[in-house]
Structure formats: structure tokens, C-alpha cells
Amino acid sequence: MRKFYFLAFIFAFVLSSAQTYSFDVLTKYNSLGKNNKIHNENVVYFNSDNFNYYLRLLRGQEYFYAYLFDNELNKVHEFNVIEKINGKEIVFSFEYVNSKKLIRNPISQKNFSYEWSESSNDVKILKIYKTRKAKKPNQEYQFSFKKSNKNLFPIFRISVMHPLEDNNMINIADNLIVEKARSICNNPPCSCDFRLADYKNVSLELVIPQ
């Protein structure tokens, strides 16, 4: 009996010391090339009440990984992704691999400035300047939104806007989600279109052992 209580205590201690992450939204943004051909897919799990952490899926020809970024604890947790087909639905499960210190992007943004405006066709425009004295933006985003029950703009920023994904200064005040967007770079000249290809409510919990 003492052995049973001892094992139960150990099990309870392990659960209490583990870090648990909860996700309620899964989204996919496609980046589009010529003739709306899909160039890249950005698949990310979110907690719509806490954007300080998120789970990004990365697929290669011979691997399928997921990385859980925690900006509060400055950690990144790696998982193997197991993909199964349940009827017509694809289901993901996750196998914990390891945890590492989160290394921040080395590009400094402290001198960046941001300017919001709205065009005549209800498209919001974000201009990004690399310095506060710059007269010409280095990059511009043109956003088309649709209404949501929360402010879900961070979903697009985190999914697509590298290296600005964790810059909380870039946000909006309305309950909207980005449906379409175009990124225009001035130096060097380039452009890319994005489309919200999938949005679904999910219930996912991942436990990180301590």
C-alpha cells in the first residue's frame, strides 16, 4: 500500500511540474505566386486568448516537425508530427522531442516605425519604415479583413510577417481576422499575395515534461 501511495505521489508531482499548452484555433495561410499558384503553406495552432505562444508546423520531403514557441519563457519545444486520415479529415498528433532556449531574430527593429491608413475600398494599409526619418517605406502590407468574435490579427502577423511575427506593436483594435493580404517590398522590389485557406476551432493540449 505504501508503494502505491509513493507512486501516486510521484505521478502527481510530475503532472504538477509539467508545462501545459492549450490551443483552440488551427489556421493555414497560403502564399500565392503567379496565377494564384500556392508557393508556401503556413500552418499554425493558436490559443486565441494568449498569443504569447503558438505551434508552427513545418513539413519537408523527409520530415514533419512542429515547433512550439513560448515568448514568455523564451523556450522552443520540438515535436514530431504524426499525420493520420480520419474519414475525410486529416488529424495530427504530436510526439515530444526536446526543448531549447529561444534565440531571438538578430534583426533590430527598435528604430522601425509603422503607419496605418485605409484606402477607399476598405483595405487597410500598413507601411513599415526601417528608420523614423525614412520618407519611403521599406515594405507595405495591404489587408482585407472579415469580422470575428475576437481580435485575431496576430494570427496573420505570427503566421506570415517574418521577422515581425512577435512584434506586438503591429496590431489593430478591431475584432477582425485577415482574409487576404498583399506584401509589397521596395528594396529590393517584390510582392506576394496571401490568402486564409483554412480556419477551424480545435481542442489541443500539449504537455512539456520538466
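Data table
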{"item": "Tail beyond 15 Å, pair distance distribution of the stretch 155-210 (Cα, percent)", "result": "65"}
{"item": "Of 34/150; 110/135; 110/150; 28/146, pairs whose Cα-Cα distance is over 23 Å", "result": "34/150; 110/150"}
{"item": "Highest average packing first - 126-134, 159-167, Cβ atoms within 10 Å", "result": "159-167, 126-134"}
{"item": "Overall form of the stretch 73-119 per C-alpha gyration tensor (a/c, 1.5; a/b vs b/c)", "result": "oblate"}
{"item": "Global geometry of the stretch 95-184, whether rounded, prolate or oblate, following the gyration tensor of its Cα atoms and the 1.5 cut on a/c", "result": "oblate"}
{"item": "Whole-Hz couplings from phi, Karplus 6.51/-1.76/1.60, listed for the stretch 47-61; x for Gly and Pro", "result": "9, 5, 9, 8, 8, 6, 9, 7, 10, 9, 9, 10, 10, x, 5"}
{"item": "Whether the stretch 13-100 is rounded, prolate or oblate, judged on the alpha carbon gyration tensor where a/c under 1.5 counts as rounded", "result": "prolate"}
{"item": "Helix 2-17 vs. the chain, principal-axis angle (Cα, 0 to 90°, nearest 10)", "result": "10"}
{"item": "Average accessible area per residue (Å²) across the stretch 52-207 - probe 1.4 Å, nucleic acids and ligands excluded", "result": "63"}
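The values are calculated or read from the model by the stated rules, or taken from the named source; none is laboratory data. None of these values were measured; they are calculated from a predicted model. Glycine gets a Cβ as well: all are built from the backbone with ideal geometry, and neighbour counts include every protein chain shown. For the accessible areas, the whole protein counts, side chains as well, though only heavy atoms, and no ligand, DNA or RNA atoms are used. Shrake-Rupley method; radii C 1.70, N 1.55, O 1.52, S 1.80 Å.
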